[in-house]
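Structure first, then comments.
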Amino acid sequence: MRTMRFDILTLFPEMFYSPFEKSIIKRAIISKLIGIRVHNIRDFTKDKHRTTDDYPFGGGEGMVMKPEPIIEGIEVIKKEHQDARVILMTPQGVQFSQAEAKRLTSYKNLILVCGRYEGFDERIREFWVDEEISIGDYVLTGGELATMVVIDAVARLLPGVLGNDGSTDSFYQGILEYPQYTRPRFYRGKNVPEILLSGNHAKIARWRRKESLKRTSARRPDLLKKVMLSPEDDKLLAEISNDSDQELRR
Ligand code: ADE
């Protein structure tokens, strides 16, 4: 068993306490499947006022994160983990996805750098940063929430962190998940589909695959273009389009 280590550089270490002290992530830490250390960027400043940001050269709005505390913080962490991969959280990065989460599981150590203010001094990128990640096309007040998203998505893919291996996840297979039901069987006039109670596993599997394809084609047709479909899937998709034609004619 190996422990995947996450080192976080942030100006707000407290933001991480609650999310990582709960549920699955906490269990993964206790069982040493992952290790998370939060470092305060301010601890790597050397001036009396512990300054982490400053005015931008050339003028303009907002403040810029100074290079020295972040670069020296990365170097201190790297002394312990030379091969750690350094990731800068920024809306300018490569867009995060399930495939990116899977890719990151191959590293033993990640250093995640969270920015605040208007941005980073460009030299931070030039010294140690291996890659930049964005969690989506919107701007957050800082990289902390983005870092939590990345750690959560990566950690749950590591062997042993979840009860199952995640292989039935939506996105793992490239399409959306089928509808799930549990008890009660009858609720406010909406009943659980009969087929799920039939005990016929082959029929249930076919129904689920068809529902997954139906949902994906309605909500995320872009995913259907990227995924490898079997001849059986093509048949199910033909049925789905037939069903909806009939629905329209009704
Ligand atoms: N910091 C601010 N916005 C961000 C985003 N969308 N992704 C990653 N880091 C960020």
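Points worth noting:
- Our helix-only sum for the chain, with -39,500 (n - 2.57) per DSSP H run of n ≥ 4 divided by its residues, gives a mean residue ellipticity at 222 nm of -11500 deg cm²/dmol.
- Listed residue pairs exceeding 26 Å between alpha carbons, taken from K26/K225; K102/K190; K26/K48; K26/K210; K190/K214; K22/K102: K26/K225; K102/K190; K26/K48; K26/K210
- In Å, descending, principal axis extents of the Cα set of region 65-197: 63, 31, 22
- Each Lys and Arg contributes +1 and each Asp and Glu -1, all at the Cβ; summed about the Cα centre of region 1-112, the dipole is approximately 720 debye.
- Across all directions, the average flat footprint of the convex hull enclosing the Cα atoms of region 1-129 is 9.2 nm².
- Cα-derived Rg to Rh of region 15-87, Kirkwood definition: 1.09
- DSSP bridge analysis restricted to region 46-164 gives an antiparallel fraction near 15%, rounded to the nearest 5.
- Signed unit charges on C-beta, dipole axis of region 80-160, positive-most listed residue I111, V139, L158: L158
- 3J(HN,Hα) along region 93-101: x, 5, 5, 5, 7, 4, 5, 5, 4 Hz, from the Karplus curve 6.51 cos²θ - 1.76 cosθ + 1.60 with θ = phi - 60°, whole Hz, x for Gly and Pro.
- Cα-centred dipole magnitude for the chain, charges only on beta-carbon of K, R (+1) and D, E (-1), debye, nearest 20: 1460 debye
- Shown in residue order for region 4-19 are the 3J(HN,Hα) couplings computed by the Karplus curve 6.51 cos²θ - 1.76 cosθ + 1.60 at θ = phi - 60°: 8, 9, 10, 10, 10, 10, 8, 8, 10, x, 4, 4, 8, 4, 5, x Hz (x for Gly and Pro).
- For region 86-149 and region 195-250, distance of Cα centres in Å: 36 Å
- C-alpha long axis of helix 201-219 to longest principal axis of the chain, angle in °: 60 degrees
- Average Cα contact separation per residue, the chain, under 8 Å, 6 or more apart, as relative contact order %: 18 percent
- Its Cα gyration tensor gives the chain an equivalent ellipsoid, and the semi-axes of that ellipsoid, as √(5λ) in whole Å with the largest first, are 45, 21, 16.
- Each residue of region 20-28 is assigned a 3J(HN,Hα), and the resulting list reads 8, 9, 10, 6, 5, 5, 4, 4, 5 Hz, derived from the Karplus form 6.51 cos²θ - 1.76 cosθ + 1.60 (θ = phi - 60°), x at Gly and Pro.
- Angle in degrees between helix 231-249 and the longest Cα principal axis of the chain, rounded to the nearest 10: 70 degrees
- Expected-Rg normalisation [2.2 N^0.38 Å, Cα atoms] applied to region 86-127: 1.29
- For N109, distant residues with modelled amide H under 5 Å away: R5, R85
- For the chain, the share of DSSP beta bridges that are antiparallel, to the nearest 5, is 15%.
- Taking amide H positions as modeled 1.01 Å from N, with prolines and chain starts lacking one, the residues under 5 Å from M63 and 5 or more places away or on another chain are E118.
- Expressed per residue, the C-alpha convex hull volume of region 177-250 stands at 120 Å³.
- Simple spin-label estimate for A202 and D83 gives 4.8 nm between the two label positions (7 Å along the Cα-to-Cβ direction from each Cα).
We did not get these values from a lab; they are worked out from the coordinates using the rules stated. All values reported here derive from a predicted model rather than from experimental measurement. Note: ideal-geometry Cβ built from the backbone for every residue, glycine included; neighbour counts use all protein chains shown.
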